[in-house]
Amino acid sequence: MAHAVVILAAGLGTRMKSRLPKVLHPLLGKPLVGYCIDTAFASGAEKVVVVVGHGAEQVRQTFAGYPNLSFVVQEQQLGTAHALAQAQPVLADFQGPIVVTQGDTPLTRVETLTSLVDTLQKERAGMALLTMRLEDPTGYGRILRDEQGQILANVEQKDATPAELAIQEINPGVYCFDASLWEKLKLVDNRNAAGEYYLPDLIRIYREAGQKIASIESKDTGELLGVNSRAQLAQVERVLLERLRSHWMAQGVRMIQPETIYLEPSVELAPDVTLWPGVILRGHTRLGEGVEVGAYAVLIDTVVEAGGKIKSHTVCEEAYVSSGADAGPFARLRPKAHLEPGAHVGNFVELKNARLGRGAKAGHLAYLGDAEVGEESNIGAGVITANYDGQRKHKTIIGKRVFVGSNSVLIAPIRLEDDAFVAGGSGINQDVPAGALAIARERQRNIEGYVKRKRGETQ
């Protein structure tokens with residue numbers, strides 16, 4: 001039977017010291033609660049409900065368009081049972097198991113949710129919960145069991161006796177309930193030290209109804225790490241990064257000093273990719289087989305096909321690098337930069353909305369914006385396409401086998417036909433025919449004796 005998942009994400013997150021709702025803080029490029037939502041759907045959930053509070057509208061907008069995803073608002077923070085009750089209008093007619101997770105525990109595994117559902121059904125229990133054993137259980141509710149090992153209750157830290165505080169088995173707050181949940185929620189009261197409606201009180205309520213309480217124990221203590229501060233966010237991020245690095249190295253990726261490499265879950269890597277220290281891979285970056293990325297390069301939403309090479313300290317954003325092409329070191333490929341096979345972009349070259357044809361080269365110190373460069377053309381040092389007239393952008397089109405000499409300015413809109421040659425130091429503002437030499441600079445004059453006269457005037 002299909003199940004539903006309710007994600008409790010209404011906490012204020014005051015320790016984050018931020019205007020941004022806690023559950024929207026980015027974690028490897030994705031909002032914190034996004035991991036919980038994706039895990040819920042990956043577990044096979046038919047419906048997912050997120051209970052939000054602070055910044056509710058912002059959270060809705062962030063995840064607009066997700067099918068079978070609903071949001072409900074907890075206006076007042078009256079406890080976890082009160083938060084779950086807000087989901088009843090959406091799930092009142094749902095007859096399958098209902099899983100409850102926390103919106104600030106992004107490391108929860110899909111297998112944990114599916115195991116809870118399976119346990120509930122196999123043991124014909126009314127309620128199943130996840131437990132975990134910690135050397136230091138401070139801050140968590142403790143699990144109380146009878147002599148037969150059956151769960152009797154959960155006691156919160158604030159309400160626990162010294163003997164109960166010594167218990168190491170804790171309740172991290174992940175549950176699965178049968179369809180009688182909503183009736184039983186009405187029986188939860190707030191007679192406790194915090195004056196809140198506690199979700200774990202359902203253990204007692206289900207027991208009093210004569211229904212079985214089942215449990216599974218997680219052996220991965222990192223799985224339920226919660227995020228309530230910037231330091232905890234960084235801790236969770238380290239765990240996720242270690243998982244990602246281990247995954248890709250197992251797939252054949254070479255990472256030199258892997259602990260220095262940052263990458264996001266949306267990145268795709270092929271076997272025999274080599275990543276040097278300090279590499280940052282973000283967004284929908286995709287690296288083909290045998291690609292090498294040099295130290296401290298940054299790639300965002302960039303595709304590098306098999307055999308391409310990005311040298312150190314190069315920054316690429318929404319760029320495309322074909323097989324056999326290379327960029328860097330210290331190059332910048334801005335959105336819509338496209339290198340065809342064998343093209344070369346060297347140090348301190350910047351491309352924006354520009355395509356370099358097969359075998360074309362821009363070796364150093366050039367800016368090519370809104371430009372097309374034909375195959376085997378050579379762009380000299382210091383060349384600039386002047387593409388902006390103060391109001392509009394204009395295009396530069398350079399044909400095949402064109403040579404543009406150093407320190408030239410190509411003032412767009414302009415076209416250089418195949419085999420054209422531009423003399424160094426030229427300011428070109430007219431089209432250049434095929435095979436022609438274009439030279440646009442003042443004729444050189446040498447004034448004999450100038451330096452001595454100049455020095456004489458200043459002595």
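How would you order 224-235, 247-258 from highest to lowest mean count of nearby Cβ atoms within 10 Å? Write down the numbers at each step before the final one.
Working: 224-235: 16.8, 247-258: 15.0.
Order by mean packing, descending: 224-235, 247-258.
Could you work out the relative contact order of the chain? I mean the mean sequence separation of Cα pairs under 8 Å and 6+ apart, divided by the number of residues, in percent.
Details: 1174 pairs, mean separation 34.9, N = 459.
This gives 8 percent for the chain.
Order these by the 10 Å Cβ neighbour count, fewest first: R453, R142. Please report the intermediate quantities before stating the final value.
Numbers: R453 10, R142 24.
With the sparsest Cβ surroundings first, the list reads R453, R142.
With axes computed from alpha carbons, what is the tilt in degrees of helix 230-250 against the longest principal axis of the chain, rounded to the nearest 10 within 0 to 90?
With rounding to tens, the tilt is 70 degrees.
Using the alpha carbon gyration tensor of region 83-204, what are the three equivalent-ellipsoid semi-axes (square root of 5 times each eigenvalue), largest first, in whole Å?
Working: eigenvalues 109, 62, 42 Å².
Output for region 83-204: semi-axes of 23, 18, 14 Å.
With a ≥ b ≥ c the root eigenvalues of the C-alpha gyration tensor of region 148-213, is it rounded (a/c under 1.5), prolate (a/b larger than b/c) or oblate?
It is oblate, given that a/c is not under 1.5 and a/b is not larger than b/c.
So for I280, I398, fewest C-beta neighbours within 10 Å to most, what's the order? Write out the running numbers ahead of the final one.
Values: I280 18, I398 30.
By the 10 Å Cβ count, ascending: I280, I398.
Determine Rg/Rh for region 230-438; Rg is computed over alpha-carbon atoms and Rh is the Kirkwood hydrodynamic estimate from the same atoms.
Values: Rg = 19.0 Å, Rh = 17.7 Å.
That ratio is 1.07, to two decimals.
Going by C-beta contacts inside 10 Å, put T62, T14, T131 in order with the fewest on the left. Numbers along the way, then the final one.
Values: T62 15, T14 11, T131 18.
By the 10 Å Cβ count, ascending, the order reads T14, T62, T131.
According to the Cα gyration tensor, what semi-axes, each the square root of 5 times an eigenvalue, does the equivalent ellipsoid of the chain have, listed from largest to smallest in whole Å?
On the way: eigenvalues 811, 91, 85 Å².
Equivalent ellipsoid of the chain: 64, 21, 21 Å, largest first.
Any chance you could give the angle, 0 to 90 degrees and rounded to 10, that helix 110-122 forms with the longest Cα principal axis of the chain?
For 110-122 against the chain, the angle is about 20 degrees.
Counting only other residues whose beta carbon sits under 11 Å from that of R204, what net charge do I get with K and R as +1, D and E as -1?
On the way: positive: K184, R207; negative: D189, D201, E208.
It works out to a net charge of -1.
Would you work out the charge dipole size for the chain about its Cα centre, treating the Cβ of every Lys and Arg as +1 and the Cβ of every Asp and Glu as -1, and quote it to the nearest 20 debye?
On the way: 50 positive and 53 negative charges, 389 e Å.
Computed about the Cα centre, the dipole is about 1880 debye.
Helix 32-42: angle to the longest alpha-carbon principal axis of the chain, degrees 0 to 90, nearest 10?
70 degrees
Farthest toward the dipole's positive end in the chain, which of I203, L129, G222, given Cβ charges of +1 (Lys, Arg) and -1 (Asp, Glu) about the Cα centre?
Among I203, L129, G222, the one farthest towards the positive end of the dipole of the chain is G222.
So for region 71-114, considering every pair of alpha-carbon atoms, how many percent are separated by more than 14 Å?
Values: 563 of 946 pairs.
Percentage above 14 Å: 60.
Calculate the dipole size of region 169-240 relative to its Cα centre from +1 charges on Lys and Arg beta carbons and -1 charges on Asp and Glu beta carbons; express the result in debye to the nearest 20.
That gives a dipole near 80 debye.
A436 versus Q150, label points 7 Å from Cα toward the beta carbon: distance in nm?
Taking the two extended label points, one gets 9.7 nm.
For the chain, what is the mean residue ellipticity at 222 nm derived from helices alone (per DSSP H run of n ≥ 4: -39500 (n - 2.57); sum divided by total residues; nearest 500 deg cm²/dmol)?
On the way: 10 runs with 88 residues, N = 459.
-5500 deg cm²/dmol, from helical runs alone.
Any chance you could run the full-extension gain for V239 through Q168? It's 0.36 nm times the residue separation minus the Cα-Cα distance, nm to one decimal.
Details: separation 71, 0.36 × 71 = 25.56 nm, distance 2.28 nm.
Computed gain between V239 and Q168 is 23.3 nm.
What is the ratio of the Cα radius of gyration of region 4-217 to 2.2 N^0.38 Å, with N the residue count, to two decimals?
Values: Rg = 16.6 Å, N = 214, 2.2 N^0.38 = 16.9 Å.
Expressed relative to 2.2 N^0.38 Å, the Cα Rg reads 0.98.
Laboratory data are not the source of any read-out in this text; all were calculated from the coordinates shown. These numbers come from a predicted model, not from an experiment. All Cβ positions, glycine included, derive from the backbone under ideal geometry; neighbour counts span all protein chains shown.
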